[in-house]
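First up is the structure itself, then whatever we jot down about it.
None of the figures in this text is laboratory data; all of them are computed from the coordinates on show. Treat the numbers as computed from the prediction; the structure is a model and nothing was measured. Cβ placement follows ideal geometry from the backbone for every residue including glycine, while neighbour counts extend to all protein chains displayed.
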Amino acid sequence: MKILVTGGAGFIGSAVARSLIDSGHDVTVVDNFNDYYEVSLKHDRVKEFLNGAKVIEADIRDRDKIGELFEQNRFDVVCNLAAMAGVRYSVEHPDIYVDVNINGLVNILEAMREHGCLRMVSASSSSVYGNSSDSPYKENMVADRPESVYGATKRAGELLLYSYFTLYGIQATSFRFFTVYGPWSRPDMAMLKFAKRISKGETIDVYNNGKLRRDFTYIDDIVSGFVLAVEKPVGYEVVNLGRGEPVELMDYIKKLEENLGLKAKMNLLPMQPGDVYETFADTTKAKELFGYEPTVRVDEGIERFVEWYRYYYS
């Protein structure tokens, strides 16, 4: 198939693109290479993962550029991973999250409608569930109380996909990712941020005094589920993609310390605005629809991450 991957120089996007290339698909990658974090990491992902793909620097907010791209290519599927990510940054900069995650998505959907591309697999987030006390999170739970602007834009994206499905027949699977981690991750993500500071002997900020639980999901498991959906259209669906085993944040830090061979200095802080106590995915639907089976345990995933971290930042 001819596939467009938006956000293809990003952490998850580059890994998805690589898997699709390896499966024999014709892959075009779009990324705006913005400076939300170090651009060099994005270019290094391109070198590492995107050999065999056509890489185009463009912004999904540029409607003319996106329309031109669809006019020049007859895409079968769009893998939409372009977004402004990060819960805490969205509290301080809500406008850019609305602009990219909502307006940018509409640009893509309009181009798909105009040029007859009728399938999308898109990245959403567990943030749409807000601070729900019901766990594990199931897709049929009400998700109308997100704690962050980021979560609100991701929920809005899911609703837009449903509208375009009912109006124009664009089939869409929207995956709610749960705390993705692993090699080549973003510097603003907990694991890489912690690893850098621990390695330098600096203090790490630990929110809610460490009393947080996260459904840490290794990058390879996320990619496997995403690619399964690319190969199997199911109409419109919202689907959890996680490990299904929440881990205490302090246990997570301890495993990172063990693999680094260093002790963390911790600054225990109250809960951050926009944050939630726990994320916990019920992955039954992903298994039933796509045969999804996460395989990488957290201790194994952290070990792989540290191997990459030492290689890349040595």
**Asked** Under a no-solvent Debye model with one identical scatterer per Cα of region 47-94, what's log10 I(q)/I(0) at q = 0.20 Å⁻¹?
**Response** -0.91
**Prompt:** For the chain, what's the relative contact order in percent, using C-alpha pairs closer than 8 Å and at least 6 residues apart?
**Reply:** 18
**Item:** Distance histogram for region 81-171 (every C-alpha pair counted, 5 angstrom bins, percent rounded to whole numbers)
**Value:** 3, 14, 24, 21, 18, 13, 6, 1, 0
**Fill in**
Percent antiparallel among DSSP beta bridges confined to the chain, rounded to 5, stands at 5
**Request:** For a label point 7 Å from the Cα of MET266 along Cα→C-beta, name the residues of region 196-220 whose backbone N is under 11 Å from it.
**Result:** 204-212
**Proximal charge balance of THR203 [Cβ under 9 Å; K/R count +1, D/E count -1]** = 0
**Asked** Just from its helices, what would the mean residue ellipticity at 222 nm be for the chain, if runs of 4 or more DSSP H residues each count -39500 (n - 2.57) and the sum is divided by every residue, rounded to the nearest 500 deg cm²/dmol?
**Response** -12500 deg cm²/dmol
**Request:** Any chance you could list P(r) for region 133-195, counting all Cα-Cα pairs in 10 angstrom bins from zero, rounded to whole %?
**Result:** 17, 36, 34, 12, 1
**Prompt:** Kirkwood Rh, Cα Rg: Rg to Rh for region 1-47?
**Reply:** 0.99
**Fill in**
Computed curve, the chain, Cα-only Debye sum without solvent term, log₁₀ I(q)/I(0) at 0.06, 0.16 Å⁻¹, is -0.18, -1.44
**Message:** Just to be sure I follow the definition: excluding the sites themselves, where is the longest run in the chain that has none of the GluC sites (Glu not before Pro) in a DSSP loop with at most 12 other Cβ atoms within 10 Å?
**Reply:** 39-201
**Item:** Relative contact order of region 16-78, pairs being alpha-carbon contacts under 8 Å that are 6 or more residues apart, as %
**Value:** 36
**Fill in**
Computed from the beta carbon distance with a Förster radius of 41 Å, FRET efficiency for GLU68 and LYS232 to the nearest 0.05 stands at 0.85
**Request:** Could you calculate, for region 191-314, the ratio of the Cα radius of gyration to the Kirkwood radius, expressed as Rg to Rh?
**Result:** 1.03
**Item:** Inverse mean reciprocal Cα-Cα distance (Kirkwood Rh) of region 222-292, Å
**Value:** 15.3
**Request:** Scale the Cα Rg of region 123-266 by the rule-of-thumb value 2.2 N^0.38 Å and send over the ratio, two decimals.
**Result:** 1.19
**Prompt:** Can you give the net charge of the other residues whose Cβ lies under 10 Å from the Cβ of GLY242, counting K and R as +1 and D and E as -1?
**Reply:** -1
**Prompt:** Listed here are the pairs LYS200/LYS255; LYS200/LYS265; LYS193/LYS255; LYS154/LYS254; LYS154/LYS255; LYS255/LYS285; which of them are more than 22 Å apart at the Cα?
**Reply:** LYS154/LYS254; LYS154/LYS255; LYS255/LYS285
**Asked** If you build the Cα gyration tensor of region 1-154 and take the root of 5 times each eigenvalue, what three semi-axes come out, in whole angstrom, biggest first?
**Response** 26, 18, 16
